[in-house]
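Written out below as structure tokens is the structure these notes cover.
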Amino acid sequence: MKKRMMILPALLVACVVEEERGVEWERQATAAAMPAPAIELSIPNGLTTTSTSEVLVTGALADETVHVLGGTRMGEGRCPVELGGACLDVLGASHVAQQDTEGDGTASVQIQAPVAMTGLQGCLQAVIPRGVDGADSVVSDVECVLVDDAACGYEMDADGTGYRVCAQHKTYADALADCESWGGTLAVVDDVDENDWLVSTAEQYGFVDPWIGFDDRVSEGIFVWADGSDTAYLNWHAGNPDDWGGGEDCAMILMDHGTWNDASCDASAPYFCERPS
Ligand SMILES: [Ca+2]
Ligand SMILES: [Ca+2]
Ligand SMILES: [Ca+2]
């Protein structure tokens, strides 16, 4: 008997708590039914892989946490995750920030793009998680910008040779000068393994045909390697070098074939720099 008497007040308390919860749930349901406020994301300073970029999120509330998702938009067929019409295959730029300290409806997020963003475009999207299980998250449109011209990645092949992998398009002479300032030359392709590695890496980066360090600028028809070596490996595309139009002295890899074409040195292309390990 005594035990039952104890249970009754406990049940009453439980009922009151349940009623309060019901009100809370109703309030949350009402909030969820209202249209979520829009947020906008802009990238005023562009994106770089070498320095921190500022991203503005407009419409965030004070103290809200904004997650910025970053990714690369590369060539056709390279889109593991479709999100808002853009390819977001790297989420490495996610970031947390204190928001809107000035109360002006904007908040800046400092992000550092991951190296994998050295594709043609970097894309970002801002997400503010709201609601019980994230279902009411506010999501901005995807904003894509060209990654800063200074952006180059660094890759190492199986032999430990280091390469500077540059998505920016430069003329042959400018690309070579950039490689030399890095302490190397444009890539010298020693064998088929190196050629295959360059092609697969260029595919990862979404490159169009990149420069290699092979040219006949000094003496027409006599191609020399940028490092002065006597490397014997050749992989010309059929019919090349053809010095087409009387003005093709610089070699690039044709991404559709993996073979080389002599092209105008004044063309702009991405490039590989190489230096010994
Ligand atoms: Ca080499
Ligand atoms: Ca030529
Ligand atoms: Ca040619």
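Just so it is clear, none of the values below were taken in a lab; they were calculated from the coordinates. On a predicted model such as this, the values are computed, not experimentally measured, just so you know.
Here are the numbers for the structure shown:
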| read-out | value |
| --- | --- |
| Ratio Rg/Rh, restricted to the stretch 152-275 and using Cα atoms, in which Rh is the Kirkwood radius | 0.92 |
| Per-bin percent of Cα-Cα distances, the stretch 236-277 [10 Å] | 28, 51, 19, 3 |
